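Asks: Here you go, one structure.
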Amino acid sequence: MLGRNERKSEDKIRLFRSFFSGLTDVYGTYDPATGRARQVKSPVTNKVLLAHLTGRQPYGVYLLVKDKTRAIAVDFDTQDRTPLIEFVARANHYGLKAYVERSKTKGYHSWFFFDKQGVIARKARLVVRHILEEIEQPQTEIFPKQDGIGANMYGNFINAPLFGSLVPEGKTVFLAPPSFHPYPNQWDFLESAKKHTESTLDEIIELNELFPAPQHQSPSPNEGNAGRGTLFSLPPCARKMLRDGVSEFQRIVCFRLAVHLKRLGLPHDVAVAALKIWAMKNKPTNGKGVIREPEILAQTTYAYEHVYSGYGCDSPAIEPFCEPSCSVRKWRAAQTRNSSEKADC
């Protein structure tokens, strides 16, 4: 029989592994004296995790396993808690429980946990990016940093919480809002922490039209060199509307195009100038006039002052320009199929 202390250690390792696991044949670590990080290509054994929990050697987890992850973390590298508090509140708005960890240095990590099967990392990252955009912190670092990894690839590791030698200093521990004091018992906290399912992410993605950015496509022969580069990151519908103009829904299309141009990183004045040229191509029906400069300015300014992640695919203004090759359309079709398959199970 195992002694009481050994049983407690085994239980802690089991619980810890259920939250902070990923690749099993490699892990990260760092020198506590110098902070210098390195990779260790060895199995993630209970001994490795025990060394971390007792403060002998830090453990960094490679969360990404092919295209799946069981956790996602956001790195707020600042003492200012305001962005962190806004992030947690916004996540709660979507029904997501974000847990706050004091990092080993000056900042904080916010964690989402998922069930044993894990979730498609692309979906988790898409939702997290959306929340960060909504709180105007789009440059905040997310782990895992990639949507997927191939064979013989590892991605990036993140230092796991509860490193034994830092816990007494109030670092690498989970904090209880609103005081942000450490939970009195970190293990009781972990035992009660919520794990989300992929279906929760699917609902958020569908309701908020959070679709992956269209991938770069080569221009067709009749388009020459126009649009090569950033403009070719636009979805096919936006490229067609910019190229040919529209005959109706000018204000809606103007707004949607402004959202796309903002997403490309174009300055506000450049977007306004581009849309003024676009307006000259419009051929309104029913005797209506071409959209005027004040309305172009108003629609563009509104798009630039707010956060919009959707593509407007279901809008009557956009549907006529939709193409089967569009990656957003393919994403939506795949989501519909997945939902149908789940309903049939």
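Asks: Output the DSSP H helices from the chain with an along-axis C-alpha extent of no less than 15 Å and a mean Kyte-Doolittle hydropathy no less than 0.0.
Replies: Those that pass (Cα extent of 15 Å or more, hydropathy at least 0.0) are 82-93, 250-264, 268-279.
Asks: While we're here: How much length is gained if the chain between K195 and Y154 is pulled fully straight, taking 0.36 nm per residue apart and subtracting their Cα-Cα distance, in nm to one decimal?
Replies: Contour length minus the Cα-Cα distance gives 12.4 nm.
Asks: Roughly how many debye, to the nearest 20, is the charge dipole of the chain about its Cα centre, given +1 on each Lys and Arg Cβ, -1 on each Asp and Glu Cβ, and no other charges?
Replies: With Lys and Arg at +1 and Asp and Glu at -1, about 720 debye.
Asks: Full extension from Y183 to E323: what is 0.36 nm times the residue separation minus their Cα-Cα distance, to one decimal in nm?
Replies: 45.2 nm
Asks: Per residue of the stretch 151-157, in order, report the coupling 6.51 cos²θ - 1.76 cosθ + 1.60 (Karplus, θ = phi - 60°) as ³J(HN,Hα) in whole Hz, putting x for Gly and Pro.
Replies: Coupling constants for the stretch 151-157: 5, 6, 10, 10, x, 10, 8 Hz.
Asks: To continue, here is another question. Determine the distance separating the Cα centre of the stretch 113-133 from the Cα centre of the stretch 285-333; give it in Å without decimals.
Replies: After rounding, the separation between the Cα centres reads 27 Å.
Asks: Which label marks the calculated value of volume of the Cα convex hull per residue in Å³, given the options [x] 142; [y] 300; [z] 184?
Replies: So the structure-derived entry is [z].
Asks: Test of understanding: what is the full-extension gain from K116 to A298, defined as 0.36 nm times their sequence separation minus their Cα-Cα distance?
Replies: This chain segment gains 60.7 nm when fully extended.
Asks: Which of the listed residues, A298, L84, F16, is farthest toward the dipole's positive end in the chain, when Lys, Arg count +1 and Asp, Glu count -1 at the beta-carbon?
Replies: Selected residue: F16.
Asks: Picking from S233, L64, A124, whose Cα lies most toward the positive end of the charge dipole for the chain (charges on Cβ: Lys, Arg +1; Asp, Glu -1)?
Replies: Of the candidates, L64 comes out farthest on the positive side.
Asks: Using a simple charge model, +1 on the beta-carbon of Lys and Arg, -1 on the beta-carbon of Asp and Glu, nothing else, what dipole does the stretch 4-206 show about its Cα centre, in debye to the nearest 20?
Replies: 820
Asks: Kindly flag which residue pairs out of K12/K97; K194/K330; K47/K195 have an alpha-carbon separation exceeding 30 Å in this structure.
Replies: Correct reply: K194/K330.
Asks: As an exercise, identify the trypsin sites (Lys or Arg not before Pro) in the stretch 1-82 lying in DSSP coil whose Cβ has no more than 10 other Cβ atoms within 10 Å.
Replies: Here the trypsin sites (Lys or Arg not before Pro) that fit, given the DSSP loop and packing criteria, are R36, K41.
Read-outs throughout are calculated quantities, based only on the coordinates presented, and are distinct from any laboratory measurement. As the structure is a computational prediction, the values presented were derived from the model and not from experiment. Glycine also receives a Cβ, built like all others from the backbone with ideal geometry; neighbour counts cover every protein chain displayed.
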